[in-house]
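A.B. asks: Here it is, the structure, as structure tokens.
None of the figures in this text is laboratory data; all of them are computed from the coordinates on show. These numbers come from a predicted model, not from an experiment. FYI the Cβ positions are ideal-geometry reconstructions off the backbone, even for glycines, and counts take in every protein chain you see.
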Amino acid sequence: MTLVVLQPAGSSEGSAHFNDTIERPVRLSLLAEFLTPAEVTALEDLYPDREVPTWGVTPGEKGVNRKKWDRIRRGNRALFSKSGGVFASGVITMKTHNASLARELWKTNKRGDTWEYMYFIDELKPMTIMYGDFNHIVGYEPNNVIQGFTVLNAERSERVLEALDLWSEIHS
């Protein structure tokens, strides 16, 4: 089952990270300094141009984000949101837990956490889905705002994937 991952990117940090490591993908040569040989080989196969859109989340209070990140699988669809709606989507190709790499890419936040629960993106595409429309599709209250990293359940994911035609023919 393909799940939908909701990824806020509207804070100053989130917006900067999106620009720095999604819009301007990370060179595989940099990633390779921090990854296992098996991870590097997998990324070489997935990204022949050696440019890898990279994202991460902090552990969260009491590890709440780690538990959500554990549910992510290859082929899941990430939706990035800010300023009133969803502005981009991409397919998750692989994930890794790597605090050293996260500190290299993004440093730490004010609490000293880094975005160590990482995943890599392909099929990145811009989109404009206002929160009201998104909320209607998902079954949220009309004024809901995506405020935290979330992995939708199977039913809600299916609604989003169908309504927005976000199926991947490459990664499943």
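A.B. asks: What number of residues within segment 113-139 satisfy the criterion of being surrounded by 15 or more Cβ atoms within 10 Å (Cβ to Cβ), β-branched (Val, Ile, Thr) and in a strand (DSSP E or B)?
C.D. replies: Selection size over segment 113-139: 2.
A.B. asks: Which numbered condition in (1) farther than 21 Å from Ser157 by Cβ; (2) touching a Pro at 6+ places or on another chain (Cβ under 7 Å) is the only one that Asn19 fails?
C.D. replies: Just one mismatch for Asn19, condition (2).
A.B. asks: Another one. Being within 22 Å of Ile22 (Cα to Cα) and not aromatic (Phe, Trp, Tyr) is the requirement here; does Asp133 meet it?
C.D. replies: The answer is no for Asp133.
A.B. asks: Going by the structure shown, is Pro142 in contact (Cβ under 8 Å) with a residue 12 or more places away in the chain and surrounded by fewer than 19 Cβ atoms within 10 Å (Cβ to Cβ)?
C.D. replies: no
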